[in-house]
Structure formats: C-alpha cells, structure tokens
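*Asks:* Provided herewith is a single structure, encoded as structure tokens, for subsequent inquiry.
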Amino acid sequence: MKKITDCGPRFAGQTFAKERDPVNLKKLFSAKDMTLGKPWQRILEFSIPMLLGNIAQQLYNTADTVIVGVYVGDNALSAVGSAAPILNLLLALFVGLSTGAGIVISQSFGARDREGLSRNIGNCISLTFIATIFIMLVGPLITRPMLLLLDTPASILEWCADYLNIFFWGCAGFFFYNMLSGVLRGLGDSVSALLFLLLAAALNVGLDLLFVAVFHMGVPGVALATVIAQAISSIFCLLKILHMGDIFDFNLSTLRLNRRVAGRIIRIGVPSGITQAIMACSMMVVQTLTNSMGEMVIAANVIIMRVDGFAMMPNMSFGQAMSVYSGQNVGAGNWKRVRMGVRQGSVIALSFAAAITIVLLFLNKYLFAIFTDTVELIDLAGQMMRIMAVGYIAISITQVLGGVMRGAGDTVTPMWITICSSVLLRIPTAYILAYLTRSAQFPNGHPFALSTSLLVCWTVGMLISFLAYRFGKVRKKMLAEIAREEAQPSA
C-alpha cells in the first residue's frame with residue numbers, strides 16, 4: 001500500500017502542538033487530519049463550515065420559495081413545494097453514493113493510503129457521470145405520471161412538471177457538486193466546499209430575481225436559476241480537486257472503473273441511498289395526504305419544510321462531521337478516539353438543537369412572515385411548528401450516532417432505523433391521526449396530524465438509534481479494539 005507521505009506537515013511526523021500555529025489561508029483550504037487534536041475542536045472546526053454550507057445549499061430552495069411566493073403567488077409556492085418529494089426520490093440513490101464515497105475516502109485518508117485514495121476519488125467521479133446520464137434520461141419520462149399519482153392539484157400540475165423537468169435536464173451540476181464536495185469533506189476540507197457553495201447561492205438568488213421578477217418566467221425560472229448555480233459550484237469543486245496532487249493522483253488510470261473499488265463505494269453507499277429513497281417515499285405518501293387537505297395546508301406545509309430545512313442544518317452538519325471524523329479515525333485504527341468523539345460530539349449537537357428549539361417555539365411567526373403575508377397561513381404554520389419543535393433535540397442524537405455508524409462502515413443499521421421510524425411508524429400515524437381528526441372544517445383530517453406524526457417519528461427514531469448504537473456491532477468492535485490496545489504491554 002502506497003502511503004501518503006507528501007501531503008504537507010500533517011503527515012510529516014509533527015506533533016499536535018505544531019498544529020496550533022497561526023493558520024494561513026493555504027492550510028485553511030486544505031485537507032485536514034481529524035486523527036489529531038482534541039475531538040470536540042476537530043468536530044467543530046469541520047462542522048461550522050459545513051453548517052454554513054448546508055445553510056447556503058438550503059438557500060437554493062428557500063430563495064425559490066420566497067421569490068415565487070412574492071412575485072407569482074401562493075399557488076406557485078405550492079408548486080415548488082409539491083415537486084420536492086419527487087425530486088428527492090429520484091436523487092436519493094445518488095446522494096447515497098456520495099455518502100459512500102465520503103466514507104471510503106475518509107477511511108483511506110486516515111489510513112494514509114495514497115493509492116487507495118486515488119482510486120476511490122477517480123471511481124467516484126466516473127460513477128457520478130454514469131448516474132447523471134441515467135437521471136437525465138429517466139427523470140423527465142416519469143415526472144408527469146408521478147405528479148398524477150400524488151394527486152397534485154390541477155392548478156399547480158404544469159408548474160410542478162416544468163420545475164422538475166428543467167432540474168432533471170440540468171442535474172449534472174447537482175450530482176457533481178454533491179460528489180466532489182463529498183470528496184473534499186472526506187479529506188477534511190469543509191471550508192473550500194463552503195466557499196464555492198456561498199458563491200453559487202448568491203448567484204442563485206440573483207438569477208431567481210432576474211428570471212422571475214424581470215423576465216417573468218415564473219416557476220421554470222427558479223428551476224433554471226438553481227441548475228445554473230449548481231453547475232458553477234461543481235466546476236469550482238473540480239478545479240480545487242485538480243490542485244490537490246500532493247495528496248492523491250488524478251489521471252485516466254484512476255478514473256477507470258475498478259470492480260472492487262466501485263463495488264465497495266456502491267456497497268457502502270446503497271444503504272444510505274435506500275435510506276434517502278425511503279424518506280422521499282415517505283414524504284410522497286404523506287404529501288398525498290397533505291394534498292387532500294387543500295391548497296392552504298399545502299402552502300403551510302411548504303413554509304414549514306423550508307424553515308425545517310434550516311433547523312435541520314446543525315443536526316445534519318454534525319452527523320456528516322461525525323461520519324468523516326469516525327471514518328478517518330477508524331481508518332487510522334484509533335477506536336479510543338472514536339469513543340471520545342461520540343461523547344463530545346453529542347454534547348455539541350444537543351446544545352445547538354436546544355437553541356434551535358427555543359427559537360422555533362417563540363419566534364416562528366417572524367420566520368414564516370418572510371414567505372407570505374397571509375395571516376391565516378402564518379398562524380396555521382406556527383401552530384404546526386410548535387408541535388414538532390422539540391423533535392429537533394431528539395433527531396440531533398439520531399444524526400450523531402448514525403454518522404458514527406456510517407463512518408465506521410455500517411450504513412445498513414441507519415437504513416433499518418429509517419425504515420422503522422419513517423415508514424412503519426410515521427405514515428400510519430399520520431393517516432390514523434388524520435382520520436381521527438376529521439371535521440366539517442377539515443374533512444380529510446386536521447393539519448396537526450402531519451406535524452404530530454413527524455414528532456413521533458423523530459422521537460422513536462432517537463430511541464432506536466441509541467439502542468442500535470449501544471448494543472450494535474460498531475460499539476462492540478470499538479470496545480474490543482480498545483480492550484486489545486489496553487492489554488498490549490507498554491513499549
């Protein structure tokens with residue numbers, strides 16, 4: 001195995017004390033070794049740029065929602081939101097591949113395996129190209145049948161179809177950005193991905209205003225703006241990776257698909273992809289229930305999901321950070337450090353989640369007023385959000401423990417947890433509550449059924465995640481490796 005020996009001072013035998021020198025820009029935008037230093041510090045250093053990046057990514061959809069709501073109307077707002085479940089379903093398997101890529105890359109980076117790292121990165125890019133061609137061909141063919149299957153109201157059907165088709169035709173930017181930024185994060189560089197995404201988010205907002213407010217393109221305009229912005233962010237990521245030759249090799253040989261390498265990426269990534277697909281299917285089934293409640297409830301749910309997207313960002317960021325952190329340390333064989341990271345990462349995630357819950361409980365109406373000035377819509381969304389707000393504390397634990405399991409190579413357990421909580425529990429709960437709360441005002445069920453079922457899903461998911469980690473194979477291996485290490489005589 002060819003070791004990484006020429007990728008800078010981090011692998012040149014320096015102590016951590018040397019790491020505390022003032023950080024220059026070159027170090028800031030470089031790969032980072034998370035097997036050194038205090039775990040909480042490394043997790044925060046990685047998570048904060050990722051959190052800002054996730055917020056910037058959420059701005060894509062939020063800018064779409066705000067601008068179409070202001071310049072086109074509430075029906076356009078509903079169209080963008082109703083398209084989301086289908087979009088998430090078709091993109092889910094690819095998101096899983098990018099997750100698998102980040103895991104194998106972080107492990108090979110932590111193991112100082114330059115040859116393996118080079119092949120992993122090259123095969124990730126080749127798999128992305130194949131996935132792009134597939135979605136460009138299949139996506140537009142199933143857009144309208146899926147919308148009809150979901151009972152999408154006729155008043156927004158055409159807008160939904162146009163939005164989805166433009167996104168699928170231009171999916172290359174989305175795919176390559178997610179994969180290449182996953183590569184950068186697997187190497188510990190969350191700052192570069194943040195910079196490129198901030199630039200693209202600003203461009204997306206500018207293009208949204210140009211296409212919708214000036215050219216009056218409506219819903220298709222926001223889709224086109226998103227596609228262009230994502231393509232630019234992917235180009236910047238590729239240029240950055242091409243300038244990291246001190247860490248890995250990038251040539252035609254590494255791009256050639258290797259059955260073993262590609263198979264491992266797919267094997268680790270597919271359960272994560274299935275997890276995303278299951279969540280998307282669950283959203284689609286619940287979206288059918290939402291659609292049956294009328295356009296007011298649809299619009300309220302869209303607003304909630306936009307705010308939810310931001311509220312979820314810290315949880316998702318810490319989950320991704322724990323995946324990279326544990327992946328690098330598992331690759332380095334440092335299981336004791338993984339255990340320390342679980343404890344310290346959980347405290348950080350819980351602190352952020354508690355702060356977010358307080359904001360959502362007491363300030364939600366100010367957040368919803370950004371999207372619409374319809375008082376009834378703001379009141380309904382606020383009532384629904386107050387029901388689900390505490391759930392963000394529960395899901396912070398789920399994300400941290402799931403990230404640790406995925407980083408250690410166990411992507412199957414989080415998949416089953418998602419199946420249990422999002423499908424076997426949330427869908428029946430939502431429909432049962434809707435049935436039990438039918439009234440003259442809400443003949444198909446009260447909107448509170450949607451938010452209550454989500455709170456139940458998140459809480460039970462946390463409990464299952466805790467038990468799966470506490471008694472699962474990752475922790476058993478961790479304890480066995482730590483015991484073996486401590487049993488060895490000191491040098």
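*Asks:* Angle between the Cα long axis of helix 375-388 and the longest principal axis of the chain, 0 to 90 degrees, nearest 10?
*Replies:* So the inclination is approximately 40 degrees.
*Asks:* Can you tell me the accessible area per residue over segment 194-316, all protein chains present, probe 1.4 angstrom, in square angstrom?
*Replies:* In whole numbers, segment 194-316 has 41 Å² accessible per residue.
*Asks:* For the chain, find the longest principal axis of its Cα atoms and tell me its angle to the long axis of helix 39-71, 0 to 90°, nearest 10.
*Replies:* 20
*Asks:* Taking H placed 1.01 Å from N in the peptide plane, check which residues at least 5 places from GLY188 or on another chain put their amide H under 5 Å from its amide H.
*Replies:* Here LYS32 satisfy the definition.
*Asks:* Can you work out the accessible area per residue across segment 106-173, with the rest of the protein chains kept in place, probe 1.4 Å, in square angstrom? If you can, show how the numbers build up before the last one.
*Replies:* On the way: 2660 Å² over 68 residues.
Per residue, segment 106-173 has an accessible area of 39 Å².
*Asks:* How far apart, in nm, are the 7 Å Cα→Cβ label points at GLN488 and TRP169?
*Replies:* Inter-label distance under the simple model: 5.9 nm.
*Asks:* In whole Å, how far is the Cα centre of segment 87-151 from that of segment 344-369?
*Replies:* Using only Cα atoms to place each centre, the spacing works out to 31 Å.
*Asks:* Size of the dipole of segment 306-429 about the Cα centre, Lys and Arg at +1 and Asp and Glu at -1 on the beta carbon, nothing else charged, in debye to 20? Please report the intermediate quantities before stating the final value.
*Replies:* Numbers: 9 positive and 5 negative charges, 119 e Å.
In total the dipole reaches around 580 debye.
*Asks:* Turning to a different aspect of this structure: Which value, in debye to the nearest 20, describes the size of the charge dipole of the chain about its Cα centre when Lys and Arg Cβ atoms bear +1, Asp and Glu Cβ atoms bear -1, and nothing else is charged? List each step's numbers first, then the result.
*Replies:* Details: 37 positive and 25 negative charges, 452 e Å.
So the dipole magnitude of the chain works out to roughly 2180 debye.
*Asks:* Under unit Cβ charges (Lys, Arg +1; Asp, Glu -1), what dipole magnitude, rounded to 20 debye, does segment 347-491 have relative to its Cα centre?
*Replies:* About 400 debye.
*Asks:* How would PHE471, PHE310 rank on accessible area, largest to smallest, probe 1.4 Å?
*Replies:* If we order PHE471, PHE310 from most to least accessible, we get PHE471, PHE310.
*Asks:* Please give the peptides 440-447, 173-180 ranked by average Cβ packing (other Cβ atoms within 10 Å per residue), highest first, as a rough proxy for protection. Write down the numbers at each step before the final one.
*Replies:* Numbers: 440-447: 15.4, 173-180: 25.0.
The most tightly packed comes first, giving 173-180, 440-447.
*Asks:* Okay, moving on. Taking just the alpha-carbon atoms of segment 387-438, what radius of gyration and Dmax come out, in angstrom?
*Replies:* Calculated on Cα positions, Rg and Dmax stand at 14.0, 46 Å.
*Asks:* Give the carbon-plus-sulfur fraction of the accessible surface of segment 130-218 in %, rounded to a whole number; probe 1.4 Å, heavy atoms of protein chains only.
*Replies:* 79
*Asks:* With the dipole of the chain worked out from charges on the C-beta (+1 for Lys and Arg, -1 for Asp and Glu) around the Cα centre, which of MET279, ILE135, MET34 lies farthest toward the positive end?
*Replies:* Farthest towards the positive pole: MET34.
*Asks:* For the chain, with the dipole built from +1 on Lys and Arg beta-carbon atoms and -1 on Asp and Glu ones, taken about the Cα centre, which of ALA193, GLY173, ILE348 lies farthest toward the positive end?
*Replies:* ILE348
*Asks:* Taking all protein chains as present, what is the carbon and sulfur share of the accessible area of segment 322-376, in % to the nearest whole number, probe 1.4 Å? Don't jump to the answer; show the numbers that get you there.
*Replies:* Numbers: 1730 of 2530 Å².
Exposed carbon and sulfur together represent 68 percent of the surface.
*Asks:* Binning every alpha carbon pair distance of the chain at 10 Å from zero, what are the percents per bin?
*Replies:* 4, 19, 31, 27, 14, 5, 1, 0
*Asks:* At q = 0.12, 0.15, 0.21 Å⁻¹, work out log10 I(q)/I(0) for segment 108-186 with the Debye formula, treating every Cα as an identical point scatterer and leaving solvent out; two decimals please.
*Replies:* -0.50, -0.65, -0.91
*Asks:* Skipping prolines and chain starts, which residues have an amide H placed within reach, meaning under 5 Å, of the one on ASP113, given they are 5 or more residues away or on another chain?
*Replies:* ILE4
*Asks:* Answer with one residue from GLY309, SER118, GLY218: the one whose Cα lies farthest towards the positive end of the charge dipole of the chain, charges on Cβ with Lys, Arg +1 and Asp, Glu -1.
*Replies:* Result: SER118, furthest along the dipole toward the positive end.
*Asks:* Same structure, new question: Classify segment 359-491 as rounded, prolate or oblate, taking a ≥ b ≥ c as the square roots of the eigenvalues of its Cα gyration tensor: rounded when a/c is under 1.5, otherwise prolate if a/b is larger than b/c and oblate if not. Could you put the intermediate results ahead of the total?
*Replies:* Values: a/c = 4.43, a/b = 2.26, b/c = 1.96.
Taking the square roots of the gyration eigenvalues as a ≥ b ≥ c, segment 359-491 is prolate.
*Asks:* By how many degrees, between 0 and 90 and to the nearest 10, does the Cα long axis of helix 473-487 differ from the longest principal axis of the chain?
*Replies:* 20
The values are calculated or read from the model by the stated rules, or taken from the named source; none is laboratory data. The structure presented is a predicted model; accordingly, all values stated were derived computationally and were not measured. Positions of Cβ are generated from backbone atoms using ideal geometry, with glycine treated the same way; all protein chains shown enter the neighbour counts. What goes into the accessible areas is simple: the full protein's heavy atoms, side chains included, and nothing from ligands, DNA or RNA. Shrake-Rupley method; radii C 1.70, N 1.55, O 1.52, S 1.80 Å.
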